[in-house]
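Remarks on the structure that follows.
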Amino acid sequence: MANRNIRRKQKINTNYNKINEVEEMKLKDITIVICAIGIIVVLAYGLTILAKHIGLFDIRYIKPEVTAGTIDYENILAGTIFSKQEDEYYVMIGDFESEESVYIGAVGNIYKNKDGEKLPLYAVDLSEGLNKSITGDTSNPSAQSVKDLKINGHTLIKISGGRNVKYVEGDENIKVELGI
């Protein structure tokens, strides 16, 4: 019976030792897994930094420079022809995108760069969709509002006090009116 008790105690001790060994092995396994995950994360981070430094993530995008916006007060819409702030000014009207408009565009630029006292010169480009409403087969030189205004070709209108005081058609006549 004493042998039996000794064998039982040895069996219990053996089972206890096996449990301790299993727990130690689990602890070692968990430690190894955590270390492996940590090493993988560090390597992935390092490779990402290296790839970014080399330029592998560069998609050749160039960020545009931000500049202050400018408003072009010289090019106006047809609807504002009779309502500018100045008391007296010229409005040159034509399709400035066509090849025939190179000459009249140059005349306008020469006038704008001319020294001395001159009236402001605004331009209405008929090639823009919002300005097409004033084009017509025949012109209306006596128009006093945008509703009545019809343009046929290059035209220069002198506005004084919000009213049409002079209506000039044709490139040469416009050049003479502007004193060029």
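The values are calculated or read from the model by the stated rules, or taken from the named source; none is laboratory data. Model, not experiment: these values are computed from the prediction. Counting neighbours? That spans all protein chains shown, and the Cβs are built from the backbone with ideal geometry, glycine included. Calculation scope for accessible area: heavy atoms of the full protein, side chains included, ligands and nucleic acids excluded. Shrake-Rupley method; radii C 1.70, N 1.55, O 1.52, S 1.80 Å.
Could you figure out which of (1) closer than 19 Å to Ile76 by Cα; (2) small (Gly, Ala, Ser); (3) open to solvent by 40 Å² or more (accessible area, probe 1.4 Å) isn't true of Gly105?
(3)
Select from the range 116-159 the residues that are of a type in the set (Ser, Thr, Tyr) and assigned to a loop (DSSP other than H, G, I, E, B) and write down the one among them that is farthest from Glu177 (Cα to Cα).
Top of the filtered list is Ser127.
If Tyr61 satisfies all but one of (1) at pLDDT 65 or above; (2) in a loop (DSSP other than H, G, I, E, B), what's the number of the condition it fails?
Among (1) at pLDDT 65 or above; (2) in a loop (DSSP other than H, G, I, E, B), Tyr61 violates only (1).
Write out, first by first residue and then by second, each pair whose Cβ atoms fall under 6 Å of each other, whose residues are 6+ apart or on separate chains, and whose first residue, in the range 86-99, is touching a residue at least 60 places away in the same chain (Cβ under 8 Å) and more than 11 Å from Ser127 (Cβ to Cβ) while the second is open to solvent by less than 70 Å² (accessible area, probe 1.4 Å) and among the aromatic types (Phe, Trp, Tyr).
As it stands, the answer is Val91/Tyr122, since those pairs meet every condition given.
Quick one: is Glu97 open to solvent by 80 Å² or more (accessible area, probe 1.4 Å), out of contact with any His (no Cβ under 8 Å at 6 or more places or on another chain) and over 16 Å from Leu178 (Cβ atoms)?
yes
As an exercise: evaluate Lys114 against (1) at pLDDT below 90; (2) over 15 Å from Asn75 (Cα atoms); (3) loosely packed, with under 13 Cβ neighbours inside 10 Å and give the number of the one condition it does not meet.
Here Lys114 meets the rest and fails (3).
Considering only the range 150-173, state which residues are under 37 Å from the mean Cα position of the chain (by Cα), in contact (Cβ under 8 Å) with a residue 24 or more places away in the chain and more than 16 Å from Lys84 (Cα to Cα).
Scanning the range 150-173 gives Ile151, Gly153, His154, Thr155, Asp171.
Among the numbered criteria (1) under 27 Å from Ser127 (Cα atoms); (2) modelled with pLDDT under 90; (3) among the hydrophobic types (A, V, I, L, M, F, W, C), which one does Ala51 miss?
Ala51 satisfies all of (1) under 27 Å from Ser127 (Cα atoms); (2) modelled with pLDDT under 90; (3) among the hydrophobic types (A, V, I, L, M, F, W, C) except (1).
Does at least one position in the range 98-105 carry a residue that is at pLDDT 90 or above and not in a helix (DSSP H, G or I)?
no
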